[in-house]
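Novice: Take this structure, written in structure tokens, and hold onto it; I'll ask about it next.
The values are calculated or read from the model by the stated rules, or taken from the named source; none is laboratory data. Here the structure is a predicted model, which is why all the values come from computation and not from measurement. Quick reminder, even Gly has a Cβ in these numbers, built from the backbone with ideal geometry, and neighbours come from all protein chains shown.
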Amino acid sequence: MLNKSGNILIVDDSSINRKLLAAILSMQGYQIWEAAYGKDALEKALSDSPDLILLDVNMPDMSGYDVCAELKQNPETKDIPVIFVTALETLWDRIEGFSVGGVDYIHKPFENIEVLARVDTHIQLRQLQKQLHRRAQSLELQNTILQNEICDRFGVDPEFYKDLELAVERQEFKLYYQPIVNFNTGKILGFEALIRWLHPSHGMIPPDRFIPVAECTGLINPIGEWVLSEAISQLATWKKLFPQSDRLSVSVNVSANQLLNNSLVSYIRKVLQSNQVSCSQLKLEITESALVNDPDATVEILKEFKDLGIDLYIDDFGTGYSSLSRLYDFPVDVLKIDRSFIQKGRWAVVRAIIQIAVAMDKEIIVEGVETLEELNALKQMSCFQGQGYYFYKPLDASAITQLIAEELQKD
């Protein structure tokens, strides 16, 4: 139960009114301080920090409204509740009092019941406010300790983590889109959404620097939701701009932590519906390693996405440790060959992955195609779609919009 005791500053140029209010309230156990003028009240409020101020409206040096306005402008006194004490009863007086930050009124002449009811209510609210503030400070301290423990455990720079937390709060991210191309026709088949962090002082930070930190600290969930929301919203924009195009699809990377988040399926469904985007226009890319963390649960979640009509890609295929026997269990549509195999010229591995895809009746998309020689080698192995700097580097949304328009003109 809340303690009714508290410190109250009574401000009134009438000593009779001050003494009367002091008598009523001191009998209830309240500690009473008094001030006769506005300037005295401001000094006492700053030095003593009362729990409540009872403030006369009409005083010779400053009006109660002016005193209240100054109290609310000072960070040290702005949270102290102010009850105006007045014989004025017009609507405009009430409006002025509340507009400068007052919380209530007590009428003159005083009624004991009214004084105690209003004072008790706001003292209790003030005590609750202080308790909540102390609790928030305690939680903030616990959160700081936990953050430091997480940083120590995973070898994360605490300052970098704090910057990333702020980046999530301020949405300091931007999406770029890399076209996926048909090798034979050169036509764009879709786009992969790629996140970048636009740090206010360090400039653009690539995902391989901050995504691992986000993964181990749990920040990947709000970041992942932002990416999904942004990509789907952009799809909706392109759909309105180019209703005649049938190649508007975007693939989004989904982490292992996101995949096992119970709310992910409903979140994606909600965002698609609110943007009026078809489920078939969204593709989800899941890393091979994500499939082995909890394969049984993963299979069930992937089936939910398939039931919605969303195509599923295994990203960076060949770099993880998934069992080929278990791979048959996952309802995926496309295997994406990791860029490292292309860049290092490991064509035997590429050929083996293509054979696996054919055996499993899956499509292949190749990442990291940067030269004509790489493109020709892939085409000789019957691989006909992919992405890379040979075709397009990742572009921002406005550049992609122009690219789509140019593609449609060619058609």
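Novice: Across region 72-98, which residue is farthest from the chain's Cα centre (by Cα) among those that are within 18 Å of Leu52 (Cα to Cα) and part of a helix (DSSP H, G or I)? Walk me through it before giving the result.
Specialist: At the first step, the residues of region 72-98 found to be within 18 Å of Leu52 (Cα to Cα) are 72-86, 97-98.
From what's left, part of a helix (DSSP H, G or I): 72-73, 97-98.
Numbers: Lys72: 31, Gln73: 30, Gly97: 37, Phe98: 34 Å.
Ranking the candidates gives Gly97 first.
Novice: Return a yes/no flag: does region 346-364 have any residue that is part of a strand (DSSP E or B) and either modelled with pLDDT under 90 or under 29 Å from Leu248 (Cα atoms) (or both).
Specialist: yes
Novice: Quick check on my filter: what residues within region 230-276 are within 22 Å of the chain's Cα centre (by Cα), hydrophobic (A, V, I, L, M, F, W, C) and under 28 Å from Lys410 (Cα atoms)?
Specialist: Passing the criteria: Ala231, Ile232, Leu235, Ala236, Val250, Val252.
Novice: Suppose we keep only residues that are free of Cβ contacts under 8 Å to residues at least 40 places away in the same chain and part of a helix (DSSP H, G or I) within region 204-223. Which one would you say is surrounded by the most Cβ atoms within 10 Å (Cβ to Cβ)? Give the steps one after another, and end with the answer.
Specialist: Our first condition is that a residue be free of Cβ contacts under 8 Å to residues at least 40 places away in the same chain; within region 204-223, this holds for 204-209, 212, 218, 220.
If we keep only those that are part of a helix (DSSP H, G or I) too, we end up with 207-209, 212, 220.
Numbers: Pro207: 15, Asp208: 7, Arg209: 13, Pro212: 13, Ile220: 23.
Ranking the candidates gives Ile220 first.
Novice: Still on this model: Pull out all pairs, ordered by first then second residue, where Cβ-Cβ is under 8 Å, the residues are six or more apart or on different chains, the first lies in region 296-311 and is in the same structural domain as Ser266 (by TED's automatic domain parsing) and among the β-branched types (Val, Ile, Thr), and the second is assigned to a helix (DSSP H, G or I) and surrounded by 14 or more Cβ atoms within 10 Å (Cβ to Cβ).
Specialist: Thr298/Leu259; Thr298/Ala290; Thr298/Leu291; Ile301/Leu259; Ile301/Leu264; Ile301/Val265; Ile310/Ile268; Ile310/Cys279
Novice: Mind listing whichever residues of region 262-288 are crowded, with 16+ Cβ neighbours inside 10 Å, part of a loop (DSSP other than H, G, I, E, B) and without any contact (Cβ under 8 Å) to a residue 40 or more places away in the chain?
Specialist: Glu288
Novice: Look at Asp315 and say whether it is at pLDDT below 95, among the acidic types (Asp, Glu), closer than 28 Å to Ser266 by Cα and touching a Lys or Arg at 6+ places or on another chain (Cβ under 6 Å).
Specialist: When the stated conditions are applied, Asp315 passes them.
Novice: Another question, then. Which residue pairs have Cβ atoms under 9 Å apart, sit 6 or more places apart or on different chains, and have a first residue in region 395-407 that is touching a residue at least 12 places away in the same chain (Cβ under 8 Å) and under 15 Å from Val250 (Cβ atoms) and a second that is of a type in the set (Ser, Thr, Tyr) and in a helix (DSSP H, G or I)?
Specialist: So the pair list comes out as Ala397/Thr237; Thr401/Thr237.
Novice: Moving on to the next point. Considering only residues that are of a type in the set (Asp, Glu) and in a loop (DSSP other than H, G, I, E, B), look in region 37-71 and name the one that is surrounded by the fewest Cβ atoms within 10 Å (Cβ to Cβ). Walk me through how you get there before you give the answer.
Specialist: Residues of region 37-71 of a type in the set (Asp, Glu): 40, 43, 48, 51, 56, 61, 66, 70.
Adding the requirement that they be in a loop (DSSP other than H, G, I, E, B) leaves 51, 61.
Values: Asp51: 22, Asp61: 13.
Per the stated criteria, the residue is Asp61.
Novice: If you don't mind, there's one more thing I want to ask. Among the residues of region 319-336, is there at least one that is outside any loop (DSSP other than H, G, I, E, B) and aromatic (Phe, Trp, Tyr)?
Specialist: The first filter runs over region 319-336 and keeps only residues outside any loop (DSSP other than H, G, I, E, B), leaving 324-327, 334-336.
Next, from what is left, pick out any that are aromatic (Phe, Trp, Tyr): none.
No, there is no match, as no residue in region 319-336 is outside any loop (DSSP other than H, G, I, E, B) and aromatic (Phe, Trp, Tyr).
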